[in-house]
Amino acid sequence: MIPLRKNFKLADPLKRAVNDDAEREELSRILEELVLSPGEESSKSARKYLKRLHENYEEV
């Protein structure tokens, strides 16, 4: 399910990602790519990762 913008809250999924070693590494990689190489591809990767992070949090 694709979340609606008004209820797409990332605070809790991001807290969980920062506390998980594997997720923290992936989040760091995605954010570094977004900052160092801004553009369509890095934005697409970041959106895809954040949607997956949100969906995984909703399942827990």
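The values are calculated or read from the model by the stated rules, or taken from the named source; none is laboratory data. Owing to the predicted nature of the structure, the values given are computational and were not obtained by experimental measurement. Note: areas computed on protein heavy atoms with side chains; ligands, DNA, RNA excluded. Shrake-Rupley method; radii C 1.70, N 1.55, O 1.52, S 1.80 Å.
Things worth noting here:
- Residue list for region 39-56, filter: on the phi < 0 side of the Ramachandran plot, open to solvent by less than 100 Å² (accessible area, probe 1.4 Å) and not hydrophobic (A, V, I, L, M, F, W, C): Ser42, Ser43, Ser45, Tyr49, Lys51, Arg52, His54, Glu55, Asn56
- Matching residues, region 29-42, being over 11 Å from the mean Cα position of the chain (by Cα) and assigned to a helix (DSSP H, G or I): Glu32, Glu33, Leu34, Val35, Leu36, Glu40, Glu41, Ser42
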